[in-house]
Amino acid sequence: MSRNSRKHLAQEFEESSNKRQKGLHSQALAQEGDAVTSRIKNVTTVQGRPSKNRSGNEPDIGVIESVEIHDFMCHKSLEVSLCPRLNFITGQNGSGKSAILTALTIALGGKASSTNRSTNLRGFIREGASKAEVKVRLRNRGPDAYYPDIYGDSILIVRQLSRDGIPSQYKIKNGNTGKTVSTKKNDVMAITDHMAIQIDNPINILSQDAAREFLASTSPDSMYIFFLKGTQLMQLSQDLGVIRDAVSKIEASLKRKREILPEMKRQKVDWQTRLEGVKQAKELFSKLNALEKEIAWAYVVEVEHEIEDARQAVHTQELKLNKIAEKLREAESKAAESQNVVNRTRTSLEQKNEQLAPIERDMAVPREEMANIRNSLTNLKAIEEDMNRDARYHRTVLDDLEKKIAEAKKRLEMDQENETKRIQKEMDEIGEVITEFQNSVRSYEESQSQLENRRLTLQSARNNAEQRRYQVVKEISSCKEDINRLKKQQTNMLAAFGEGVPEVVAEIERQNWKGPKPLGPLGRYVKLRDSSWAAILETLLDRGLNAFMVQSHDDRRKLDSIMQQYRCRSNIIVGKVEMFDYSNGEPDQDFVTMLRILNFESEIVKRQLINMSRIEQIILVERRSMGDKIILQNNRRYPHNVASIVTKDGYTVGSRTGGLQSQVIFNPRSQGRLVADTRIMMQQANSKLAELQETLVTINREMEDLESQIQETKIEDQDLQRKIRKAKERIGRSQSELMRKREELQELVPPNLSALENERNEAKQKLVAVQKQFVENRARKSELIEKLRSEEEKLEKLSLAEQRIQDDIDALREQLDSEQGELNKNREHISYWNSKQDQRQEALTQAQKVVEELEAKLVETTRGATQVSQERMEPRANIQKLDTEINHTRACINEIEQSQSMSFEQIAQKAKMYIEAYDKAKAEMRGMAQLAKELKNALERRLSRWTQFRDSMTVRTKLQFTSHLYTRGYTGTINFDHIDRKLSLKVHTNQDISLAHSSSSKDSNGTQKTLHQRKDTKSLSGGEKSFTTICLLLSLWEAMSCPIRALDEFDVFMDMANRRIATHMIVESAKANASTQFLLISPQSTSINPDPDVKILKLTPPDRQR
C-alpha cells in the first residue's frame, strides 16, 4: 500500500466520523452563551416580568407546512395545515391525533417499528381499504433551500402504502407545479439530511409510547441512553469504534509481518549467492545469443523465398482470369446480340398483333351482312313455296275450266236456266268465303312473319344475356377465388404467389445449398407505392413475380425437385448477380415508370425484373389521352428510352414504329402480390362480389323475362299456325264444295260458255301473275345469293389475311421461343463463365491472401529477427545446421545448470523473486506502520472532540434544566456519570425549599447547614416527575439542532398546575427559538390562546365504519 493510499484511507475514516459531529458541535458551542442568558431572563419573566410574543423570523427551510393522509390508520381523509412555530393538536382519545405524527414519520422515511404502532407498513392502512397515502409539505425557501430550481418554494413528499405486497412508493414533487421530480427514498433522505430533520431520533419526535416511556423513565441508565441518542453522541461513538477496529487489524497484520521478515531476508541473501555461482556461463550464453540472431534472419530469408513462389502463383492465376474475362465478354456480347434479336422479334410480334385488330373489325361487317342475307333468303323461300302452291292451284282451275268449256259447248241445247242460276249463286257465295279465308291466311302469315322476326330478336337478346350471365358467373367465381386467396394471405402473404409457394419457401430455409440461398418469390421483395396500379403491374409482371432465382444449375435442379413435391409452378431463373447501372436506360424524370412506382427490398430483384420486363422503360399513364399527348409531343413516336406506354385500364398506347393506335392487351387483375395490406383489397373484392351478384340477379330476371316473351311468341306462333291450318282446311273444303257445285252446274244446266271463257281468262291472268311474281322472287333470290357470295368472298379474303397474320404470329412466336432459348443459353454461358470467373477470382484471392500472409509473416519474422538483432545477418548455413549448433551450445549450458540443480534463468528468476518480495514486504510494513500511526492520531483527535462535545452538551443541558425548573419555583441539577454511563436528576420543589429554610441551623462555627437534601425523581409525585421530565426534554431539545420537535401526550401524568406551567414553558421555548417548529399532542384541551405563533388543532373522532 502506497503512502498516498494510507493517507487517503485515514482521511476517509476521519471524515466519516466527523459527519454528524461537525454541525451539532459547532452550533452548540456558538449558541451556548446566548442560551444561558436567555434562560435566566425566562426565569425572570416567569416570576412576573412579561415576555415578548415573537422572537426572530420564521425559518426558511425544514418547516412542515401541512400533513395530508388518506385511508391511513383511523382516518379516511384528513388534511391539517401547521404553524411554523407551535402547534397544539388536541382531541378525545381515539380521534386520530397520533396518526398525524405517525404519518409524518412514515412520509419522511421513518421505519414502521420506530412508531411503536405497527411492525410493518400494511398495519397503517385503514381497515377495509387496499392502500393508503400520506403527504407532507416541507418549506424550501431562502439561500439554504434544497435545489429550489427543481423543487420550488416547497417540497411535497408522497408515500403510498399497499396491502398486496407491493413495496411502498415515494413521489417527491415540486410544491409549486405538482410535477414529480423523483421516486427514490435516497432523495427523501438527502432532503431530510439537508434540512437536519432527524426523523428516527427518539428525542426529536416522541411518539405516544416513546413519550410515555420517556416521561415514566426513572432509571439512570435509560436516561443516559436517551441523552446519548438524542444528542447523537452514540452514533459518533460507533463511528469512532470503526476506526478503533481498523487500527487493531492493522497492528495485528504488522505483528505477523515482523515475525516472518527475518526469514525473508535470509532467503534473499542465499539466492544472491547462488546467482553469482552461475555467471560463469555467460560466454556460452553470448554464443547462443549470436546463433539465435543468425537463425532468426535465416527464417526471414526462407520466408522471402516462399513469397517469390507465391507471387509467381498469383501471376499465373491473373493470366487465367484474363482469359476467362475474355470468354465472359464474348458470351455477354452474344447475349446482348440475342437480346436485340429477341427485342426485334417482340417488336414484330407486337406489330402483327396490332394488324389483327382492324381485320377483326372488318370481318364483323360481312358476317353481319351475311346473317341478314340468309334471313332474307329464308323469307324468300317461304314466299316461293306459297307461290308454288298458288300456281298449282291456278293450273288445276285452268284445266278444269278448259274441260268445262268443252262440255258447255256440247250442252248448248240444254235449257236449265233456273237451276243454273241457283247453283251459280251458291258458287258465288262459296267464292266469297274462299276469298275471305284466303285474306285471313295472308294476314296470319304476315303476323307469323312479324312474330318470327320478334322471336329472333328476343332469342338474340337472350343469347346476349346468356353470354353476359356466363361472363358474370365467371367473374363471380374468380372474385370468390380472390377472396379465398386474400383470406389465406392474411395469415401468410406468400399464398398470393401460387400453390405450394409457402411450403417451398419454408423448405428453402431448411435445406443447404451449394450457392447462395435461392431468392424468391421475387414479388416478395417488391411493394407498390400507389396501390391503384396493383392490377396493371401484376398483370404486366405476372409470372416474373412468382419466379425464384438461383445462381447454379445444381441448386436449380434441387429447387425444381422441391417445387414438384409441393406442386409449385413458379419459374426458376438461373444467373449470377449483376449489379449493373441501369440509370442510362431510364426515360426523363417527368415520366412515371414501373420502376419508379415500385419499392424494392432487394437490389438483385430490381435488376432481374429490369432484365426480364424492362420495367425501367415502361411509362404508366392514367388515360389514353395522356399517352397520345406524350406521343404527339415526340413526333408520333415513343420518347427516348421508352419501350411502351400503358394505361390504368389495360391499354397500350402507340407502338415502336409510330402512330396513335390503342390496343387492349390484357384484362387487369390484382392478386395482392404487390400490396402490403390486403384489407383494402378484401373490401374491394367483397364489394365487387356484391355488385356482381346484384348484376347476376338482374341478368337472371332479364333472361326470365326474355324467355317468357319467347314462350309467348311460340304460343302465338302455334295459335297462328292453328288458325292458318283451319283457314286452309276451310278453304280446301270450300274449294271442294265449289268444284262439286260446278260439277252439279255442268250436270244440271248448260254451261255459260262466255262465263267459262272469262273465268278461264281470269285464271290464266292469275297464273301469269303468280309466274311473274315467281320470276321476280327468283331474281331477288339470285341477287341475294350473289350478294351472299360476294360477302363470303370478302370474309374469305379477310379470313385468309387473318390466317396469314396468325401464321406469321405463330411463326414469330416459335421464332421468339427459339431466340429466347438461344438468349437463355447465352445467359447460361454467362452464368457459367461468371461461375468460372468467381472460382478463378477466389483462387486468385486465395493466392493473394497467401502472399499477404507470407508478407505479414515476413514482417512479423523480420520484426522478431530485428528484436533479436537490429542488424541484418546473412546466415552462414541453412536453418537445420544452425539449429543443430544451437542445440549443442544449449547442451553445454545444461551441463553447467545440472551442477547447480537449476537453470540460470530459474536461479536468476528465483533470486529476483526473493529480493523483490523482501523489499516489498519491508516497504509495506513501513507504510502500514505509518497508516496505523495516522489512524491512531485521527482517533485520538476524534475522541478528544467527542469528549469536548459531550461535555459541552452536558453543561448546556444542566443550565437549561436549572432554568426551566425556576419557572415552577423548583431548584435542582442533573448529575452525569460518563464513566458508568448514568444520568440522574436531583430536584427541590417549592415545598422542599420551605422545609429546608425552616429546618436549617448553624453549626458550632456559625456556618448555616441544611438539614434537608435534594430529592431524586423517585420521591417526586406523578405531576412533579412529569414536570421535571418535561424540563429535561426541553433542555435536551435546546441543546440539539433540529427544525422539528414533536411530543405526543406530554401531559399524561401531570396535574393541572404542572400541566399549565409545562405548557407555558413549551410555548415560551417555541417563541424564543425562531428556527424550530413544535408539534404537541394532548387529549386534553389547552388554555393557551392562539396567536400568530400558536396554532391549536382540535380533532373530532373519525367515522370508523367501513
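The values are calculated or read from the model by the stated rules, or taken from the named source; none is laboratory data. All of these numbers come straight from a predicted model, not from anything done at the bench. Using ideal geometry, Cβ is built from the backbone for each residue, glycine included, and neighbour counts are taken over all protein chains shown. Please note that ligands, DNA and RNA were not included when accessible areas were found on the heavy atoms of the full protein model with its side chains. Shrake-Rupley method; radii C 1.70, N 1.55, O 1.52, S 1.80 Å.
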Inset, instruction - Take each of the peptides 571-578, 135-142, 237-244, 99-106, average the number of other beta-carbon atoms within 10 Å over its residues, and list them starting from the highest. - result: 99-106, 135-142, 571-578, 237-244
Inset, instruction - Kindly report the accessible area of segment 676-728 per residue (heavy atoms of protein chains, probe 1.4 Å, no ligands, DNA or RNA), in Å². - result: 66 Å²
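Taking the Cβ-Cβ separation of Ser162 and Asn512 as r and a Förster radius of 60 Å, what is the calculated FRET efficiency to the nearest 0.05? Spell out each step's value before the answer.
On the way: r = 57 Å, r/R0 = 0.95.
Calculated value: 0.60.
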Legend entry - Estimated FRET transfer efficiency (Ala923, Asp270; beta-carbon r; R0 25 Å; 0.05): 0.75
Inset, instruction - Would you mind calculating the gained length between Asn116 and Asn464 on full extension (0.36 nm times residue separation, minus the Cα-Cα distance), in nm to one decimal? - result: 115.3 nm
Inset, instruction - Could you name the lysines whose alpha carbon sits less than 21 Å from that of Lys794, not counting residues in the same chain fewer than 8 places away? - result: Lys352, Lys781
Legend entry - Cα-based equivalent ellipsoid of segment 58-193: semi-axis lengths in Å, sorted from largest, via gyration tensor: 25, 18, 12
Inset, instruction - Please give, to one decimal in nm, the separation of the simple spin-label points placed at Lys881 and Asn571, each 7 Å out from Cα toward the Cβ. - result: 7.2 nm
Legend entry - Magnitude of the charge dipole, segment 313-416, Cβ model with Lys/Arg +1 and Asp/Glu -1, debye to 20: 460 debye
Inset, instruction - Sum up the charges of everything whose Cβ sits under 13 Å from the Cβ of Ser602, counting Lys and Arg as +1 and Asp and Glu as -1, but leave Ser602 out. - result: +3
Inset, instruction - Would you please put 778-791, 119-132 in order of how densely packed they are, using the mean number of other Cβ atoms within 10 angstrom per residue and starting with the highest? - result: 119-132, 778-791
Inset, instruction - Determine the alpha carbon to alpha carbon distance for each of Lys514/Lys857; Lys185/Lys229; Lys488/Lys648; Lys474/Lys576; Lys514/Lys606 and list only those over 31 Å. - result: Lys514/Lys857; Lys474/Lys576
Inset, instruction - Give me the number: length gained by fully extending Asn375 to Ser736, i.e. 0.36 nm times residue separation minus the C-alpha to C-alpha distance, one decimal in nm. - result: 126.4 nm
Inset, instruction - Sort the following peptides by mean Cβ neighbour count (other Cβ atoms within 10 Å, averaged over residues), highest first: 72-79, 265-272. - result: 72-79, 265-272
Inset, instruction - Could you provide, to the nearest whole Å², the per residue accessible area of segment 499-645 with probe 1.4 Å? - result: 50 Å²
Legend entry - Extension gain (nm, one decimal) between Ala336 and Glu263, 0.36 nm per residue minus Cα-Cα: 17.0 nm
